[in-house]
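First comes the structure, then the notes that go with it.
The values are calculated or read from the model by the stated rules, or taken from the named source; none is laboratory data. What you are looking at is a predicted structure, and each value in this text was computed from that prediction instead of being measured. Using ideal geometry, Cβ is built from the backbone for each residue, glycine included, and neighbour counts are taken over all protein chains shown. What goes into the accessible areas is simple: the full protein's heavy atoms, side chains included, and nothing from ligands, DNA or RNA. Shrake-Rupley method; radii C 1.70, N 1.55, O 1.52, S 1.80 Å.
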Amino acid sequence: MSPGWLLAAVPPPIVEAQTFAIEGFDLSPDGTRLLWMSYHGDEKQLFFRDLYGDRVVTLPEVPRPSLPHWAGDNRHIMLMSDPTGGEREHLLSFDSANPAAPPVDLTPFPGKKVLLIDVNNPDGSALVAVNLESEQEFSLYKVGPSGRKAELVEPASPGTLTWMTDFKGRLFGRVRAKENGHLWLEIKLPQQSQWQSFDLHGEATRPGDGFVISSEPGPDGTAWMLMRNQSDVAAIQHIDLQSGKVLESWPGESSDTQMVLFDADRKPLLVQSMPDYPLLRVYDPELRRLLGTVPLPLHSFLKETSFDLSMSKLLLLFITDGGESNLLYVDRKQGVAQVLFHQASALVLALQPRTVPVTVPARDGLTLHGYLTLPPGLEPKGLPTILDVHGGPWIRDEWGFDFNALSLALQGYAVLRVNYRGSSGYGRAFEDAGRHEWGGKMQDDLTDSVCWAIRQGVADPARIAVIGGSYGGYATLEALERTPKLYVAGVDQDGPVDLPSMLAEMPAFSQKFRTTFDIYIAPDRATQWERSPLAHVEKIERPVLAFQGDNDPRVRASQTDSFEQAMKAAGKSLQVSRFADEGHNLTHAKNIPAYLSTMSGFLKESFKTPNSPDDYKPYCQQ
């Protein structure tokens, strides 16, 4: 057998996916073992092997697996499992030395919410946040791979949003919202007994303000962090952990920096932002050279990263808008980079839909950014068009592989996705522009985007539909009520129809995010009801398709029940498709074909009855 140092010079074998490896590539902390997740039949399943080996081991199936990671002992495999889709997850542990054995449930807490914080402790334990004492507040616990009793690490502190740990799984920082909603960065280094608080110059009502990624604390008492702090957009900042002073700030882009990878010396190794196309900046010259030796498709988007503790071995997963995936393995010590996994698009290039960034002017002058996916082989002129509204509303649409957009474009539709005001990714001021505009100017932005597509000649004004999930489902129904002759149909997935009831029914474990809703939803109940689709069903003129997960804890199934009753009483056209084993999002692979075929059939039938060519004009007069 060759010695280990000689094996390191031999390229590891290519990963052969059983079907389509979609996510979850992870490198063990010692850099010797590889873990990934693929579809196996109807569900995702985990596989692992030695990095330089060719024997693939399959782990037993678990329901709805996510976030697979090697534990810090390089032996155990941790992952989250959500059996019902109701967001009451469990942390499970597999023993790679006995892979046929069923996993151990490390968080056997019925009805509780579990958040995975860290798996890097060398003893194989994990840090989890669980609402054991109070439904609303989360304490930090250490749980072992063999299922020993949870050990309290840090009691619950009201308003804690995120926790920070080092490479050995030790807690050193957290972001908290005080009673007035103001955000603070709190640090407790090993030599300290008390938490030190620093002003983050942000508010809990802005999701982007609480987004903080930190390097390990250095021996000089400093750390590099990705955050907004005093800036409008998230950027790299060097922080003195004793005073909170910003020692150095690297200029960002016109949008928030979304991803950072820190090197062994704690300095940023690479960052990625997405003003339109993905923008990747690599600060280490040698890594930049190595990446340049591997040709990747234009505008590849860095979706996932994994690395060993020394940061000498890296896994970088790049994807394209057409579905091509390339997993790069980089050995910085050996000075080599190679494609470890490649998944080609199912379509030849000429038959792939094409996604391009677009810029849309809102009626009040605000600039909106979005993406237009065009069907292959057709001129972008007079196309049947679908406005696909993202959820949140505090997330954003990105350039990259979007299953809905790709599927619909292959059926001949142009698909428009727009980051309306209040979306994340474009800085503090852009989020603030959505304050109390849920159902207000945020809705106007969607109308303005459709009008822009008509003026550009891309969209056929008589053949436009609107679809969306969660907030996007709400916006779909609002669009059908406020601009009833602009669309031929709407598809809603888990969208709230009664805002006062949705807020009242929020699960207790999500109450800390109530302040996030407060930036978007008007504070008074009268305005909330006025902006609820349930209040105006009589204005809907075109057919509606609604999908609902029965186990949804965020938008209860009762919301769809009420909407169905109101639509029936008003004599409106509504088709409801329910999933007994789903929550707020479709996560069971076996349900995806039914979802797609139902939506495709509904849209095809609805587009047979177009609007009048001039019906759009009253809505597009700015």
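So which residues in the range 295-320 are hydroxyl-bearing (Ser, Thr, Tyr), closer than 26 Å to residue 406 by Cα and open to solvent by less than 30 Å² (accessible area, probe 1.4 Å), if there are any at all?
Start the filter on the range 295-320 by keeping residues that are hydroxyl-bearing (Ser, Thr, Tyr), which leaves 300, 305-306, 310, 312, 320.
Among the residues that remain, those that are also closer than 26 Å to residue 406 by Cα are: 300, 305, 320.
Within the range 295-320, 300, 320 qualify.
Of these, 210, 292, 323, 218, which one is surrounded by fewer than 17 Cβ atoms within 10 Å (Cβ to Cβ) and in contact (Cβ under 8 Å) with a residue 40 or more places away in the chain?
Numbers: 210 fails: surrounded by fewer than 17 Cβ atoms within 10 Å (Cβ to Cβ); 292 fails: in contact (Cβ under 8 Å) with a residue 40 or more places away in the chain; 323 fails: surrounded by fewer than 17 Cβ atoms within 10 Å (Cβ to Cβ).
Being surrounded by fewer than 17 Cβ atoms within 10 Å (Cβ to Cβ) and in contact (Cβ under 8 Å) with a residue 40 or more places away in the chain holds for just one of 210, 292, 323, 218, which is 218.
So which pairs qualify, if the first residue must be in the range 64-75 and among the aliphatic types (A, V, I, L, M), the second must be in a loop (DSSP other than H, G, I, E, B), the Cβ gap must be under 7 Å, and the two must be at least 6 apart or on different chains?
Sorted first by the residue in the range 64-75, then by its partner, the pairs are 71/119; 71/124; 71/145.
List every residue pair whose Cβ atoms lie under 7 Å apart, where the two residues are 6 or more positions apart in sequence or sit on different chains, the first residue falls within the range 347-361 and is of a type in the set (D, E, K, R), and the second residue, located anywhere, is surrounded by 14 or more Cβ atoms within 10 Å (Cβ to Cβ) and part of a loop (DSSP other than H, G, I, E, B).
none
How many residues are within 27 Å of residue 510 (Cβ to Cβ) and out of contact with any strand residue (DSSP E or B) (no Cβ under 6 Å at 6 or more places or on another chain) if we restrict to the range 200-227? Explain how you work it out, then say what you get.
Here is the first cut: in the range 200-227, the ones within 27 Å of residue 510 (Cβ to Cβ) are 200-214, 225-227.
Still in the list and also out of contact with any strand residue (DSSP E or B) (no Cβ under 6 Å at 6 or more places or on another chain): 201, 203, 205-208, 211, 227.
Residues that pass the stated criteria total 8.
Being assigned to a strand (DSSP E or B) and crowded, with 24+ Cβ neighbours inside 10 Å is the requirement here; does residue 388 meet it?
Details: assigned to a strand (DSSP E or B): yes; crowded, with 24+ Cβ neighbours inside 10 Å: yes.
When the stated conditions are applied, residue 388 passes them.
For residue 50, work out the one condition from (1) open to solvent by less than 60 Å² (accessible area, probe 1.4 Å); (2) at pLDDT 90 or above; (3) touching a strand residue (DSSP E or B) at 6+ places or on another chain (Cβ under 9 Å) it doesn't fulfil.
(1)
For the range 556-566, which positions are more than 11 Å from residue 492 (Cβ to Cβ) and not hydroxyl-bearing (Ser, Thr, Tyr)? Outline the logic, then answer.
The first filter runs over the range 556-566 and keeps only residues more than 11 Å from residue 492 (Cβ to Cβ), leaving 556-558, 561-562, 564-566.
Listed by number, the residues that qualify are 556, 557, 561, 564, 565, 566.
Is it the case that the range 409-419 has a residue that's closer than 24 Å to residue 202 by Cα, in contact (Cβ under 8 Å) with a residue 60 or more places away in the chain and open to solvent by less than 20 Å² (accessible area, probe 1.4 Å)?
Checked against the condition, which is being closer than 24 Å to residue 202 by Cα, in contact (Cβ under 8 Å) with a residue 60 or more places away in the chain and open to solvent by less than 20 Å² (accessible area, probe 1.4 Å), the range 409-419 yields no hits at all.
Which of the residues belonging to the range 437-484 are over 23 Å from residue 573 (Cα atoms), surrounded by fewer than 22 Cβ atoms within 10 Å (Cβ to Cβ) and in contact with a Ser or Thr (Cβ under 8 Å, 6 or more places away or on another chain)?
458, 460
Are there strands (runs of 3 or more DSSP E) fully within the range 45-99 with at least 1 residues that are under 13 Å from residue 27 (Cα atoms)? List them.
Numbers: elements: 65-70, 76-81, 90-95.
In the range 45-99, the matching strands (runs of 3 or more DSSP E) lie at 65-70, 76-81.
Any residue at all in the range 502-516 that's touching a Lys or Arg at 6+ places or on another chain (Cβ under 7 Å), over 24 Å from residue 374 (Cα atoms) and open to solvent by less than 10 Å² (accessible area, probe 1.4 Å)?
Scanning the range 502-516, I find no residue that is touching a Lys or Arg at 6+ places or on another chain (Cβ under 7 Å), over 24 Å from residue 374 (Cα atoms) and open to solvent by less than 10 Å² (accessible area, probe 1.4 Å), so the answer is no.
In the range 82-113, which residue that is at pLDDT 95 or above and under 23 Å from the mean Cα position of the chain (by Cα) is most open to solvent (accessible area, probe 1.4 Å)?
90
How many residues are open to solvent by 60 Å² or more (accessible area, probe 1.4 Å) and closer than 23 Å to residue 88 by Cβ if we restrict to the range 572-618?
Total satisfying the criteria: 5.
In the range 334-346, which residues are touching a residue at least 40 places away in the same chain (Cβ under 8 Å) and either of a type in the set (D, E, K, R) or in a loop (DSSP other than H, G, I, E, B) (or both)?
So the first thing to find is which residues in the range 334-346 are touching a residue at least 40 places away in the same chain (Cβ under 8 Å), and the list is 334-343.
Scanning the range 334-346 gives 334, 335.
How many residues does the range 533-550 contain that are free of Cβ contacts under 8 Å to residues at least 40 places away in the same chain and either open to solvent by less than 60 Å² (accessible area, probe 1.4 Å) or of a type in the set (Gly, Ala, Ser) (or both)?
Taking the range 533-550 and keeping what is free of Cβ contacts under 8 Å to residues at least 40 places away in the same chain, we get 534-535, 538, 550.
The next check asks that each one be either open to solvent by less than 60 Å² (accessible area, probe 1.4 Å) or of a type in the set (Gly, Ala, Ser) (or both); those that pass are 534-535.
Residues flagged as free of Cβ contacts under 8 Å to residues at least 40 places away in the same chain and either open to solvent by less than 60 Å² (accessible area, probe 1.4 Å) or of a type in the set (Gly, Ala, Ser) (or both) within the range 533-550 amount to 2.
Collect the residues in the range 592-620 that are among the small types (Gly, Ala, Ser) and closer than 12 Å to residue 465 by Cβ, keeping them in residue-number order. Step through it out loud before you land on a result.
Here is the first cut: in the range 592-620, the residues among the small types (Gly, Ala, Ser) are 594, 597, 600-601, 606, 612.
Hits for the range 592-620 are 600, 606.
Please work out which one of (1) polar (S, T, N, Q); (2) buried (at least 21 other Cβ atoms within 10 Å of the Cβ); (3) farther than 23 Å from residue 148 by Cβ is the condition residue 28 fails and give its number.
Evaluating residue 28 over (1) polar (S, T, N, Q); (2) buried (at least 21 other Cβ atoms within 10 Å of the Cβ); (3) farther than 23 Å from residue 148 by Cβ leaves (3) as the failure.
Got a number for residues in the range 361-373 being surrounded by fewer than 20 Cβ atoms within 10 Å (Cβ to Cβ) and either assigned to a strand (DSSP E or B) or of a type in the set (S, T, N, Q) (or both)? Before the answer, list the steps.
Taking the range 361-373 first, the residues surrounded by fewer than 20 Cβ atoms within 10 Å (Cβ to Cβ) are 361, 363-367.
Filter once more, keeping what is either assigned to a strand (DSSP E or B) or of a type in the set (S, T, N, Q) (or both): 361, 367.
Residues flagged as surrounded by fewer than 20 Cβ atoms within 10 Å (Cβ to Cβ) and either assigned to a strand (DSSP E or B) or of a type in the set (S, T, N, Q) (or both) within the range 361-373 amount to 2.
Residue-by-condition table, conditions (1) over 20 Å from residue 271 (Cβ atoms); (2) touching a residue at least 12 places away in the same chain (Cβ under 8 Å):
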{"residue": "167", "(1), (2)": "no, yes"}
{"residue": "178", "(1), (2)": "yes, yes"}
{"residue": "186", "(1), (2)": "yes, yes"}
{"residue": "192", "(1), (2)": "yes, no"}
{"residue": "197", "(1), (2)": "yes, yes"}
{"residue": "222", "(1), (2)": "no, yes"}
{"residue": "226", "(1), (2)": "no, yes"}
{"residue": "233", "(1), (2)": "no, yes"}
{"residue": "253", "(1), (2)": "no, yes"}
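Name the residues in the range 586-597 that are farther than 12 Å from residue 548 by Cβ and either in a loop (DSSP other than H, G, I, E, B) or at pLDDT 95 or above (or both), would you?
587, 588
If you check 380, 376, which single one turns out to be more than 21 Å from the chain's Cα centre (by Cα), within 20 Å of residue 319 (Cα to Cα) and either hydroxyl-bearing (Ser, Thr, Tyr) or open to solvent by 30 Å² or more (accessible area, probe 1.4 Å) (or both)? Walk me through how you get there before you give the answer.
Details: 380 fails: within 20 Å of residue 319 (Cα to Cα).
From the options 380, 376, the qualifying one is 376.
Somewhere in the range 615-622, is a residue more than 32 Å from the chain's Cα centre (by Cα) and closer than 19 Å to residue 491 by Cβ?
No.
Is there any pair linking a residue in the range 551-571 that is open to solvent by less than 60 Å² (accessible area, probe 1.4 Å) to one that is among the basic types (Lys, Arg), with Cβ under 9 Å and at least six apart or on different chains, and which?
553/88; 557/578; 560/578; 566/572
Can you tell me which residue within the range 391-407, out of those that are in contact (Cβ under 8 Å) with a residue 40 or more places away in the chain and within 20 Å of residue 487 (Cβ to Cβ), is surrounded by the most Cβ atoms within 10 Å (Cβ to Cβ)?
The qualifying residue surrounded by the most Cβ atoms within 10 Å (Cβ to Cβ) is 393.
Pairs needed: first member in the range 47-63, in contact (Cβ under 8 Å) with a residue 24 or more places away in the chain and more than 21 Å from residue 103 (Cβ to Cβ); second member anywhere, surrounded by 15 or more Cβ atoms within 10 Å (Cβ to Cβ) and among the β-branched types (Val, Ile, Thr); C-beta distance under 6 Å; at least 6 residues apart or different chains.
Listed pairs, sorted by first residue: 51/32.
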